[in-house]
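The structure appears below as structure tokens.
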Amino acid sequence: MNKDQIRAILISDFNLDNFAGYLKNDSHSPKIDSSIAPFGQVKQVLMNENMECWETLHDLAIVWTQPEGVIDSFRKALDFNQVPIEQTLEEVDDYCEALSKLLVRVNTLLIPTWTLSAGFTGYGLLERKPGIGLTDLLARMNLRLAENLKDFSNVFVLNAGRWIQSAGKEAFNPKLWYMGKIPFGNQVFKEAVSDIKSTLTSILGGAKKLILVDLDDTLWGGTVGEDGWKSLKLGGHDPIGEAFSDFQKSLKSLTRRGILLGIISKNEETVALDAIEKNPEMILKREDFVGWRINWTDKAQNILDLTNELNLGVQSTVFIDDNPMERARVKEALPDVLVPDWPKDKMFYKDCLMSLNCFNTPVISLEDGQRTKMYGIESKRKKLKEKLGSLEKWLKTLETKVVIEEINPANLQRSSQLFNKTNQMNLSTRRLTEEELMDWGKEKNRRIWTFRVSDKFGDSGLTGLLSVECNGTQMLIIDFVLSCRVMGRKIEELMLHTAYEYGRSLNLKTLSANYLKTKKNNPCLTFLKQSGLEHNEKTDTFKWNLETPYPQPECITVSNGDSQTLN
């Protein structure tokens, strides 16, 4: 998908004109250019690739239906006919099979869950009774829908029930249905657009990765420098203290999804850290934060310094502060930082945090839950580097080990996540689904390798990916992707050495790479300029004569996927 303009087809059994209008006019990125498939012909559109609506190529399909419109037995159940559960679920299976046909025509498929109108009473107190209640039946249908589609990495079932809940009384208007065959109020469509934009941003690698929080009256109640850590409002039986504890719990829960936490505060560092370490009501501990800037310097400058230290762009950052003047300063100085408006009432902090729709991720790996720990380990590496001084000496003390293996089903999920989320050390920043990435590497003239990095401080996980394509006597590097966590540790040179070794094994003559500039991948260009490869500045093409050895870094021990040492 193109980050700047996504082409979408909208498929439904009801009128989507209002929804299409909100998609088109929403100012948030990415922009969506949508077309609407023929009204009420859902099954035909799904199954018949020769229909006129498929003459145009689409990146995305949104299939939003009413359950009674596509599942015949549910339509009968709405009229209080007794319908066996299994019969209904078999029809859901058939519907999912039809949906899967779309995946040869679009890159991504979004499917809102089925819902009932807010005023629907059905069987009353029997609504949740299996075999009778329609609420129970619909819940089973949505669960079956999600289960059937869970193995497709480019299919996402969206929670439309949340849109209905958020819209409240404005979710339904009978007049809209009778006059225009529109089952939902416009507020539902607005909520849907917000969710869909967030989903696509995540797929394109734009989800937020770092939350930076203020301390006084943001993470706890009171001013630690004046009141002391023992007098802070936090926990206990005080409603404000309890609200701050719940806010901290919510922040900590996000770290289990791979979101990083940092501190930006105007305070004395020793006083603030004392509060974090000594106050028994603190939920968040020192080790929960990947870094901090606790001083009296401008907060915008502190944000810039800390994100640079973490090798994260400011566009990956959310800044939370109770002070409107500080928020305004950061908004003005760093417009790429997300600075949400923050409630004056402390008891709304948790709700405000959990309503932020910017942390979506298409997959969650085991490594995501270890991300804060990994950044802590990286901090120890940096301290050792500062102590030793010489880069080469420091690298040798790390005892770096790299396991290289070709992409395979076992590492595919993490490979795809790295491939689609990494922006800085990324040669071309192209995006592919798991299936597309695996299929691309199956061609005889192509190879994809993954690089898993560890050292004496710990395991950084699968942090590198290299793909090449061979044509004639030339080999072209297509993807050169490396996590910011391991940049500058000679892994980049090892990746080039791996490409060189493969090219020599095939008796090829030249190795080349075409750098495609994006807003974020300048670190990749900087490395390539320093790599020793011949640089054509007009085309940003880099070449290496394969008759000349490209050395493997001496500070790295390399093994293949079976842990056999290579060098």
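Worth a mention:
- Average accessible surface area per residue within the chain, 1.4 Å rolling probe, Å²: 47
- Rough spin-label spacing in nm, given labels placed 7 Å along Cα→Cβ, for Lys31 and Lys129: 5.6
- Dipole axis of the chain (+1 Lys, Arg; -1 Asp, Glu on Cβ), positive-most option in Asn50, Val402, Ser467: Val402
- Ordering Pro130, Met141, Thr557 by the projection of their Cα atoms onto the charge dipole of the chain, which places +1 on the Cβ of Lys and Arg and -1 on the Cβ of Asp and Glu, puts Thr557 at the extreme positive end.
- Too-long pairs where the Cα-Cα distance tops 23 Å, listed order kept, from Lys209/Lys456; Lys101/Lys150; Lys169/Lys190: Lys209/Lys456
- Within a straight-line Cα-Cα reach of under 15 Å, Lys444 can be paired with the following aspartates and glutamates, leaving aside sequence neighbours fewer than 8 residues apart in one chain: Glu406, Glu469.
- Our estimate of slack between Glu147 and Lys230, defined as 0.36 nm per intervening residue step minus the Cα-Cα distance, is 24.9 nm.
- Dipole magnitude of the stretch 169-214, debye to nearest 20 (Cβ charges: Lys/Arg +1, Asp/Glu -1, about Cα centre): 140
- Cβ-placed point charges (K, R +1; D, E -1), dipole of the stretch 1-47 about Cα centre in debye, nearest 20: 140
- Cross-link check: pairs Lys208/Lys350; Lys43/Lys76; Lys350/Lys519; Lys197/Lys421; Lys230/Lys344; Lys233/Lys350 evaluated at a Cα-Cα cut-off of 26 Å; pairs beyond the cut-off: Lys350/Lys519.
- Burial order of peptide ranges 54-65, 125-136 (average beta-carbon count within 10 Å, highest first): 54-65, 125-136
- Segment Leu57-Asn357, length gained on full extension (0.36 nm per residue, minus Cα span): 105.1 nm
- Estimated FRET transfer efficiency when R0 is 22 angstrom, pair Ala139-Ser194 (beta carbons, to 0.05): 0.35
- Centre-to-centre, using Cα atoms only, the stretch 401-417 and the stretch 196-257 are separated by 34 Å.
- Ranked by the mean number of other Cβ atoms within 10 Å of their residues, highest first, the peptides 475-482, 411-418, 34-41 fall in the order 475-482, 411-418, 34-41.
- For the chain, the share of accessible area belonging to carbon and sulfur comes to 49 percent (1.4 Å probe, ligands and nucleic acids excluded).
- Dipole check for the stretch 1-131: with +1 at the C-beta of Lys and Arg, -1 at the C-beta of Asp and Glu, and the Cα centre as origin, the magnitude is about 340 Debye.
- Projecting the Cα atoms of Tyr95, Trp177, Leu10 onto the charge dipole of the chain (Cβ charges, centred on the Cα centre) puts Leu10 farthest toward the positive pole.
- Contact order relative to length of the stretch 112-263, as percent, for alpha carbon pairs under 8 angstrom and 6 or more apart: 14
- The label-point distance for Glu392 and Glu277, in a model that sets each label 7 Å from Cα toward Cβ, rounds to 3.8 nm.
- Model label points for Gln44 and Gln165, set 7 angstrom from Cα along the Cα-to-Cβ axis, are 3.8 nm apart.
- Here the extension length gained between Glu90 and Arg430 equals 118.6 nm, from 0.36 nm per residue of separation less the Cα-Cα distance.
- Estimated FRET transfer efficiency when R0 is 60 angstrom, pair Asn522-Gln82 (beta carbons, to 0.05): 0.40
The values are calculated or read from the model by the stated rules, or taken from the named source; none is laboratory data. These numbers were taken from a predicted model, which means no experiment stands behind them. Virtual Cβ from ideal backbone geometry, glycine too; neighbours counted across all protein chains shown. To get the accessible areas, we keep the full protein, side chains included, count just its heavy atoms, and leave off ligands, DNA and RNA. Shrake-Rupley method; radii C 1.70, N 1.55, O 1.52, S 1.80 Å.
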